[in-house]
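Chemist: What follows is a structure written as structure tokens; I'll ask about it next.
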Amino acid sequence: MEDRAYLSNMDGHGDFPPAQTAGYLLSQVMVSMFGCECSGNSRLERKKSNMSFVLNRKPDKKEEKNIEGRMNELISEDMPVTYVYVDRKESRGAESFERLPNENADTFKCVKVGDLGACLAMGKHVRSTGQIGRFEIIGTNWDQSKMTYRIRFKIVP
């Protein structure tokens, strides 16, 4: 694989690694709980972050608490965060490349947390989930016309 060009889709960002990894985990939690796709719209920063998900209904308050609880359970498991390489041609659409720059790279770095699936590694990540801190939902919004659910959260060290 040394002769292939790699798109370093994880380097060069000024991102906050705990929020980047929490964003990955949040996507996994939402996919598991609601059967949706991973977030296609996120902003992951030090002070506050947000992610949007297309759902078939608005989650209730109990489900919001369950999202927060599941996130903190996964974080406390102190799972290792590693990287894998995904070949665009071999992935057969398993990964979404729409958010990456339109470059000619064939291989992409993906983040993998514990035994959870791999997804494109945008930004820098922590070495293990135990380094994230506590996940707190600070607000949510529901857009009925777009069927989108936005979660605003912060990471507390």
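Values quoted throughout were computed directly from the atomic coordinates according to the rules given, and no laboratory measurement underlies them. All of these numbers come straight from a predicted model, not from anything done at the bench. Note that we place each Cβ from the backbone using ideal geometry, even for glycine, and neighbour counts take in every protein chain shown.
Chemist: Starting at the first residue of the stretch 31-44, write each ³J(HN,Hα) from the Karplus equation 6.51 cos²θ - 1.76 cosθ + 1.60 with θ = phi - 60°, in whole Hz, x for Gly and Pro.
Modeler: Couplings: 4, 5, 7, 10, x, 8, 8, 4, 4, x, 8, 9, 9, 10 Hz.
Chemist: Could I ask something else about it? Once phi is turned into θ = phi - 60°, what whole-Hz ³J(HN,Hα) does the Karplus curve with 6.51, -1.76 and 1.60 give for every residue of the stretch 130-142, x standing for Gly and Pro?
Modeler: Ordered by residue, 3J(HN,Hα) equals x, 8, 6, x, 8, 9, 10, 7, 9, x, 9, 9, 10 Hz.
Chemist: Once both labels are modelled 7 Å past Cα along the beta-carbon direction, what's the K146-E37 spacing in nm?
Modeler: Using points 7 Å along Cα→Cβ, the separation is 1.4 nm.
Chemist: Taking amide hydrogens as modeled 1.01 Å from N in the peptide plane, which residues meet the under 5 Å criterion relative to D15, leaving out close sequence neighbours?
Modeler: K124
Chemist: What list of ³J(HN,Hα) values in whole Hz, one per residue of the stretch 107-119 in order, does the Karplus curve 6.51 cos²θ - 1.76 cosθ + 1.60 (θ = phi - 60°) give from phi, with Gly and Pro shown as x?
Modeler: Ordered by residue, 3J(HN,Hα) equals 10, 10, 7, 10, 8, 9, 10, x, 9, 6, x, 8, 9 Hz.
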